[in-house]
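What follows is a set of notes on a single structure, which appears directly below.
The values are calculated or read from the model by the stated rules, or taken from the named source; none is laboratory data. Quantities reported herein were computed from a predicted structural model and do not represent experimental measurements. Every residue, glycine as well, gets a Cβ built from its backbone with ideal geometry; the counts of neighbours run over all protein chains shown. Only protein heavy atoms, including side chains, enter the accessible area calculation; ligands, DNA and RNA are left aside. Shrake-Rupley method; radii C 1.70, N 1.55, O 1.52, S 1.80 Å.
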Amino acid sequence: MAFNDLLEQLGGVGRFQKAQVTLVILPLLLMAAHNTLQNFTAAIPAHHCRPPAGANRSGHREPEAWLPRDPQGRPESCLRFTSPHRGLPWPNGSEANGTETTEPCPDGWIYDNSTFSSTIVTEWDLVCSHRALRQLAQSLYMVGVLLGAVVLGYLADRLGRRKVLILSHLLLAASGTCAAFAPSFPAYCAFRLLSGVALSGVSLSSMILNMEWMPIHMRAQVSTLGGYTYSLGQFVLAGLAYAVPPWRHLQLLVSVPYFVSFVYAWFFIESARWYTSSGRLDLTLKALQRVARINRKPDEGAKLNMEVLRSSLQKELSLGQDKASALELLRQPALRRLFLCLSVLWFATSFAYYGLVMDLQAFGVSIHLLQVIFGAVDLPAKLVCFLAMHRLGRRPAQVASLLLAGVCILANGVIPQDQTAVRTSLAVLGKGCLASSFNCIFLYTGELYPTMMRQTGLGMGSTVARFGSIASPLVSMTAELLPSAPSFIFGAVPVAASAVAALLPETLGHPLPDTVHELESRWAPAGRRGKARRQQQEQQKQMVPLQASVQKEGWEH
């Protein structure tokens, strides 16, 4: 509790905490825009083959004469007649006499621009045989998020949270702006990949920097505030996409603001916890005294000196020089169990979440409206999650959010396809639960890992989550074999993960661990005591019960 006591002594949640937390969280408003941007910039409008250049020069060569129709009477999207059609077409695109044949679209496509004036699909013809390239762009973005979680998570533990946050803001602003001016599809994909790398750095460093400057009792509130900011960003995206349909303008609008956050991020104060864990007690003192002045506690800051810090933070200093690498996640028994359990949670949450939110057009309603609904459901869902985390604990909140999400998605798999309203409602409810799960797991993971491993642990968790987001489009392809297959898969995974979440220790009211050794000493004995108690219960069937006091004393040791 030493560092937490120092924060309380210097004002607790004072002017510094309020100002820095607000400025750190503000850029998260556009995180949702970048994550789900391709719902709008890569939307697929109605389209059909472009007739030959001279198709409208004579009556029998009108453009419609080249277009076969599907069973619903709509023009086929990817086929046209090889010669103008002069009779009633069959659904398969041939003339009644069977002499007409079809071919792919050699002259390109004509798109319906009534909803989307331009997208990357219409600009680079990512339809029909090239349709998979649209998903490739989103997958590469998620690969970038994965790389950023690994690389920037590691650098933040080595170089500091503030430096990596500044770099991430600049990279996101620059790469997003360049994507808006990309001259070709490969260039666009490259810049989107870099945007994904930067977004990981912004997300992880923002969460850690805020958490390490806040007292214990405010950690859940700050985590929930960040989650609500992300949810509000979904409303912002829907509004911007509706007001500014051209994809290049929309891409630019969600990227340029990060140049502003890059500038003011230079004024952030580095985490004093990180300074201490890195053995830089002199910088810890300067940071704490600066915070004291901002919080109008100059007298309390003046009381601090190197001797006071050495005395108060003796434990952190004695163990803080142990530079734990990512391999420690598998080498240490308590860390290994923690890493494996959290990996399942991260994968399941991201896997199911992106399986729902990245194909809004599949629901058959306005994607702008659905984007607003998906954002709106987060507000009550995250409020309930916050109350559960604050009152019941992190573990019950995590278990409940995953379990309810899985049940909603599984139920969607058995609802008939024609009941659009019911299926959409279940999807929206499941999405709200998964958003709550994301909100909880960020806080839960940060509280479980020690300071020297916290950023790396969050980075590894985010890495595993990216595997889930990359895998979700592949699972969606199983709908070609069985329409309900994706729902069953997307639902079963979070249900199974909820059982794994029950194995994790509770962190409500506990101080943040500072070292790997502290984590081992805190959680490993709890596991051994639990094992001893189970052995005791078995032996009680054959032994005369001991007195309660003797029983506790003997088995606890």
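Between residue 336 and residue 5, take the C-beta separation as r, use R0 = 22 Å, and let me know the FRET efficiency to the nearest 0.05.
0.10
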| request: At 7 Å along the Cα-to-beta-carbon direction for both residue 136 and residue 299, put a label point, then send me their distance in nm to one decimal. | output: 6.8 nm
| task | Please give the length that would be gained between residue 159 and residue 492 if that part of the chain were fully extended, namely 0.36 nm times their separation in residues minus their C-alpha to C-alpha distance (nm, one decimal). | result | 115.9 nm
| Between residue 236 and residue 113, what is the label-to-label distance in nm when each label sits 7 Å out along the Cα-to-Cβ direction? | 3.0 nm
| field | Within the accessible area of region 326-530 (1.4 Å probe), percent carbon and sulfur | value | 72 percent
| Spacing of the two label points (7 Å from each Cα toward its C-beta) at residue 481 and residue 506, in nm | 4.3 nm
| request: Round to the nearest 0.05 the FRET efficiency obtained for residue 101 and residue 419 when R0 = 35 Å and r is the Cβ-Cβ distance. | output: 0.35
| Local charge sum around residue 41 (other residues, Cβ-Cβ under 13 Å, Lys/Arg +1, Asp/Glu -1)? | +2
| note | Residue by residue through region 119-126, the couplings from Karplus 6.51 cos²θ - 1.76 cosθ + 1.60 with θ = phi - 60°, in Hz, x for Gly and Pro, are 9, 5, 5, 6, 6, 10, 6, 8
| Mean separation of Cα pairs under 8 Å and 6+ residues apart, divided by the residue count of region 326-530: what relative contact order is that in percent? | 38 percent
| task | Can you work out the PRE-style zone for residue 387? Point 7 Å along Cα to Cβ, and I want the residues of region 418-433 with backbone N under 16 Å. | result | 433
| said: Going by Cα centres, region 384-441 and region 131-181 are how many Å apart? | reply: 28 Å
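By average Cβ neighbour count within 10 Å, what is the ranking of 178-185, 10-17 from highest down?
In descending order of packing, they fall as 10-17, 178-185.
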| remark: Expected vector for region 431-438, Karplus 3J(HN,Hα) from phi with 6.51, -1.76, 1.60 and θ = phi - 60°, integer Hz, x for Gly and Pro, equals 5, x, 5, 5, 5, 5, 4, 4
